[in-house]
Amino acid sequence: TVASKEVDPEAARCFGCENPLEDGCYGCNQCKFYLHKGCAELELVPQIQHPFHPQHPLTFFPQSPYQGEYVCGLCGGIFWGFVYHCGSCLFDLHINCALLQSSIAANFPNSLHHHPLHFIQNHNEEVERDCSGCQKPLSGPIYHCLDCSYPTFFTLHKECVELPLEINHPCDRKHPLTLLSRRPAHPEECSCYLCKIQWKGFVYSCFRCNFEVPVDDFLFSPPTITNASHEHPWMLISKKMSFICDFCGIFGDHSPYLCATCNLVVHKNCISLPRNIWITRHRHVICFSYSFQQNQDKVCCKICDKEVDTSYGRYCCSASGCDYIAHAHCATGKEIWDGTIINEGYDERHGPSNLITDVIEQISIEEIMVAIVSNASSFSIKIALNYLKKCDIHFTSTHLHSQTHARSVTIQVVMPAVIGTRDLAIGATEEVAALTLTFVVC
């Protein structure tokens, strides 16, 4: 065994499960090969029949069977260590996921999903993504579809599986609302709240009244909400009514929350908009503001390039002399913001210089937004290729190339000199005249 203080800090993860090492691990410092005591003592059989892949047996490999990493068919994580692998289907299970217990769920409505679901009582926090129903992070018992593989997973909270198929709602007293797995189609230029936030979860819908309620509103709409970012409580107005949210400036048609003291009306999800965040499109911290600005010249969102109405909330740069501004819903989109909240008083001089600025074009590849940008200056770039089932990553000073099972993506980065590479990060200290990302999908 090797004590944790003796482990090479550059290889301080278990080669089997890839979690951080603890005291009492097994390892070889010369080879930088380490295993948790528990991983080393697992009684792993060479081949198993697994309920997550009943078509074929899975074969154990001590490391990825590809030239690089593999993607787990359950949790979607990218790994290189212990794996159970099906060579016929290129299906892979991370060792921790292969050890989970499951059972086939009975009687889940075909109208909501056409594949069988597996019930997993305890996934040990291995599945780290949002529920396909309520779009909240998964926790507790879950139901998972193994036919919907990477990157289009279908996984539900136990509570979302048990939702009633019809409800009576105070916002539509004439008809019951029916549970749907996706929203009915809206016009392409629809400006409703669910279209603006690109809601992809379950909804309760009345097709006669053209009315929809996302399931997170049904599940998580308490009569009052108290939030640290606002000094007064918010009260739910549970009725169908038209309003414009004071925080995001987007139209709403039901159940706003009211601050009677400040005379503010907002969407429920806008109550929790963070004050300070760091996004991938700007090098400084940006701050949320909802104070009305008079005599403001026309300004455009630096993310979507559409006008920002400063009568409503928006994110602005906190740096002196910087005029960066963005819509609240643009700045907090998942492809722009990783969910990290910056504490008050944070000195960004000691933090990472942020990533990409001045978007000149946007490209969607299978619902993944890619930005082509220019006019950036001294910064570090981190490109997340989380939609790729990648096997190998190669770095050079001008480009990086990712080989995948199904397609290849070439990213060409134009910059003066690369002084270091780490993961998918490319660093530059000189002034960068232009940055171009070229995507080739085969």
Among the candidates Leu138, Leu146, Leu93, single out the residue that is in the same structural domain as Tyr70 (by the TED database), closer than 22 Å to Cys17 by Cα and either aliphatic (A, V, I, L, M) or open to solvent by less than 40 Å² (accessible area, probe 1.4 Å) (or both). Leu93
Selection count, segment 341-357, where residues are modelled with pLDDT under 85 and open to solvent by 40 Å² or more (accessible area, probe 1.4 Å): 10
Take Cys301 and decide whether it is hydrophobic (A, V, I, L, M, F, W, C) and either assigned by the TED database to the domain that holds Arg173 or touching a helix residue (DSSP H, G or I) at 6+ places or on another chain (Cβ under 6 Å) (or both). yes
Scanning segment 187-201 for residues that are open to solvent by less than 60 Å² (accessible area, probe 1.4 Å) and either without any contact (Cβ under 8 Å) to a residue 24 or more places away in the chain or touching a Ser or Thr at 6+ places or on another chain (Cβ under 7 Å) (or both) gives Cys190, Leu194, Cys195, Gly201
Just to be sure before I move on: is Glu69 farther than 30 Å from Leu165 by Cα and free of Cβ contacts under 8 Å to residues at least 24 places away in the same chain in the structure I sent? no
Options Ser103, Ser88; residue that is among the hydroxyl-bearing types (Ser, Thr, Tyr), open to solvent by 50 Å² or more (accessible area, probe 1.4 Å), closer than 18 Å to Gln121 by Cβ and touching a residue at least 12 places away in the same chain (Cβ under 8 Å): Ser103
Do you know which residues across segment 202-252 are in contact (Cβ under 8 Å) with a residue 40 or more places away in the chain, charged (D, E, K, R) and open to solvent by 80 Å² or more (accessible area, probe 1.4 Å)? Lys239, Lys240
Could you grab the pairs with beta carbons closer than 7 Å, sequence gap of 6+ or different chains, first residue in segment 269-297 and open to solvent by less than 30 Å² (accessible area, probe 1.4 Å), second one of a type in the set (S, T, N, Q) and at pLDDT 90 or above? Leu273/Thr332; Val285/Asn276
Only one of (1) out of contact with any Lys or Arg (no Cβ under 9 Å at 6 or more places or on another chain); (2) under 22 Å from Phe243 (Cα atoms) does not apply to Ser181, and that is (2)
With the requirement that a residue be over 23 Å from the mean Cα position of the chain (by Cα) and hydrophobic (A, V, I, L, M, F, W, C), what does segment 178-217 give you? Leu179, Ala185, Cys190, Cys206, Phe207, Cys209, Phe211
Would you say Gln30 is assigned by the TED database to the domain that holds Phe79 and surrounded by fewer than 13 Cβ atoms within 10 Å (Cβ to Cβ)? no
Do you know which residues across segment 63-79 are surrounded by 14 or more Cβ atoms within 10 Å (Cβ to Cβ) and either in the same structural domain as Leu146 (by the TED database) or not in a strand (DSSP E or B) (or both)? Gln63, Ser64, Pro65, Tyr66, Gly68, Glu69, Cys72, Gly73, Leu74, Cys75, Gly76, Gly77
Checking Ser311 against (1) free of Cβ contacts under 8 Å to residues at least 40 places away in the same chain; (2) in a loop (DSSP other than H, G, I, E, B); (3) surrounded by fewer than 18 Cβ atoms within 10 Å (Cβ to Cβ), only one condition comes out false. Which one? (1)
Note on Phe60: of the conditions (1) open to solvent by 60 Å² or more (accessible area, probe 1.4 Å); (2) on the phi < 0 side of the Ramachandran plot, unmet is (1)
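The values are calculated or read from the model by the stated rules, or taken from the named source; none is laboratory data. Model, not experiment: these values are computed from the prediction. Every residue, glycine among them, receives a Cβ derived from its backbone with ideal geometry; neighbour counts consider all protein chains shown. All accessible areas refer to the heavy atoms of the entire protein, side chains included, with ligands and DNA or RNA removed. Shrake-Rupley method; radii C 1.70, N 1.55, O 1.52, S 1.80 Å.
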